[in-house]
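Please read the structure below before turning to the comments.
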Amino acid sequence: MNTTVNIDQERLIADFMTLVSIGSHSREEANVAAYIRGAVEELGYSVEEDHAGDIVGGNSGNLIIRVPGNPEWATVLLMAHMDTVAPGHGVRPIRQADRITSDGKTILGADDKVGVAGLLHLLTVLHSTGEEHPPLEVVFTVCEEVGLLGAKALNRSQLKASYGFVFDSGGSLGSIVTQGPAQAKMRAAVHGKAAHAGMAPEKGVSAIEVAGHAIANMRLGRIDDRTTANIGQIKGGFATNIVCDLVELFAEARSLDDDRLRAQQEHMTQMLKDTAKRYGVHADVEWTASYPAFALPADSFLRDIATDALQRMGLTPQFVHSGGGSDANVISSKGIPVLNVAVGYQQIHTLEEWIALDDLIGSARLMLEMIRAASNYERRS
Ligand SMILES: [Zn+2]
């Protein structure tokens, strides 16, 4: 068993600082993709770019890097996303004693450049140690932050992997996401009837009043331990002297359980339609599926590999379910079982985002130990 730790900490930190300073808002990943391409080609591996850029309307596709390994062993997929939320242009990373932050004017982009930096470092380490490992497919996706669009655009037939790991979850090292919710988005229009508010209010039906009643009777927030729902935006009305004839609502529902998600969607739709009907008007409600749920079976060997890897680092695995979606949802729906591994980034999507140096280094080490654990699994079976 290889127990050597080969992380070049200073190089990893320097690489991470460079990666975050290259802005890569969703659909603008080309510069960071070029940096990754340079680093990978230096190792002698080639980088394929797929057509996701055309599909999502961005300037880069997903990058796929195939690293040959023991051909008798199953191919392992390793993933992180290249894009960040805004404001992520002109990131100036600041290295403090125990952490890296932005200068407070932008996000840091540790989500998910901790994943990107770690995987690039993993390739460097495997290249230099020459140790035996499974064939790898490293995929860097675009547009994760705007609806997992890059992962959705990935063509399954381009991947040989039979299982994999996504490195894109917050929380402390050792936390492993094995379940993520499905999400659906709602767009609704509540139609009222306009009238002069002073002269003939009885001739009108206020869409605001109808929507208000419907929402007041709606179950929202945390529905149960597996389901949530939220109305995030409401628009309507023009002037105080007009009875409002149109209110638009934008909402979402999520659940780890497809049936419960459907039930919540039906409940919200029904509340709007029934209330409108009582007022003699109508509501149009439209739902679109954002992404499917994912759940790794309790007896999956991926848990054994993750447990083995974490134990090599003296960490205890904690298998958790997440309230958010990730590329793991999409990849598992394409038939590749995956785990989403916590890499320790903190306060993501805010100007206060940061990563502890120990977690940046620890997550790179964890990627290496995952591969070593996968190799051991193959040797045993
Ligand atoms: Zn992320």
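The values are calculated or read from the model by the stated rules, or taken from the named source; none is laboratory data. Keep in mind that what you see is a predicted model, and the values were worked out from it rather than measured. FYI the Cβ positions are ideal-geometry reconstructions off the backbone, even for glycines, and counts take in every protein chain you see. Just the protein is used for accessible areas: all its heavy atoms, side chains included, with ligands, DNA and RNA removed. Shrake-Rupley method; radii C 1.70, N 1.55, O 1.52, S 1.80 Å.
Summary of values
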quantity	calculated
Close pairs from the range 89-114: first assigned by TED's automatic domain parsing to the domain that holds residue 78 and over 12 Å from residue 19 (Cβ atoms), partner away from the ligand (no atom under 16 Å from the Cβ) and acidic (Asp, Glu), Cβ under 8 Å, at least 6 apart	92/103; 94/103; 98/358; 101/352; 104/352
Only listed residue being at positive phi, among the small types (Gly, Ala, Ser) and buried (at least 22 other Cβ atoms within 10 Å of the Cβ), chosen from 335, 344	344
The range 81-105, subset assigned to a loop (DSSP other than H, G, I, E, B) and among the aliphatic types (A, V, I, L, M), residue surrounded by the most Cβ atoms within 10 Å (Cβ to Cβ)	82
Residue within the range 191-208 that is within 21 Å of residue 323 (Cα to Cα) and outside the structural domain of residue 152 (by TED's automatic domain parsing) present	no
Test set (1) open to solvent by 70 Å² or more (accessible area, probe 1.4 Å); (2) within 23 Å of the chain's Cα centre (by Cα) - residue 10 fails condition number	(2)
Residues (β-branched (Val, Ile, Thr) and part of a loop (DSSP other than H, G, I, E, B)) located in the range 301-339	316, 336
Subset of the range 304-357 that is without any contact (Cβ under 8 Å) to a residue 60 or more places away in the chain and under 16 Å from the mean Cα position of the chain (by Cα) - its residue that is farthest from residue 378 (Cα to Cα)	347
Residue check for residue 54: surrounded by 19 or more Cβ atoms within 10 Å (Cβ to Cβ), of a type in the set (Asp, Glu) and in the same structural domain as residue 122 (by TED's automatic domain parsing)	no
Strands (runs of 3 or more DSSP E) enclosed by the range 126-222 - at least 1 residues per element that are crowded, with 22+ Cβ neighbours inside 10 Å, of a type in the set (S, T, N, Q) and within 16 Å of the ligand (Cβ to nearest atom)	136-141, 163-169, 182-191
Residue selected from the range 347-370 under the condition in a helix (DSSP H, G or I) and within 16 Å of the ligand (Cβ to nearest atom), by the criterion most open to solvent (accessible area, probe 1.4 Å)	359
Members of the range 227-256 that are of a type in the set (D, E, K, R) and either farther than 26 Å from residue 199 by Cβ or open to solvent by 70 Å² or more (accessible area, probe 1.4 Å) (or both)	235, 248, 252, 254
Out of 108, 119, 78, sole residue that is in a loop (DSSP other than H, G, I, E, B), in contact with a helix residue (DSSP H, G or I) (Cβ under 9 Å, 6 or more places away or on another chain), at pLDDT 95 or above and within 16 Å of the ligand (Cβ to nearest atom)	108
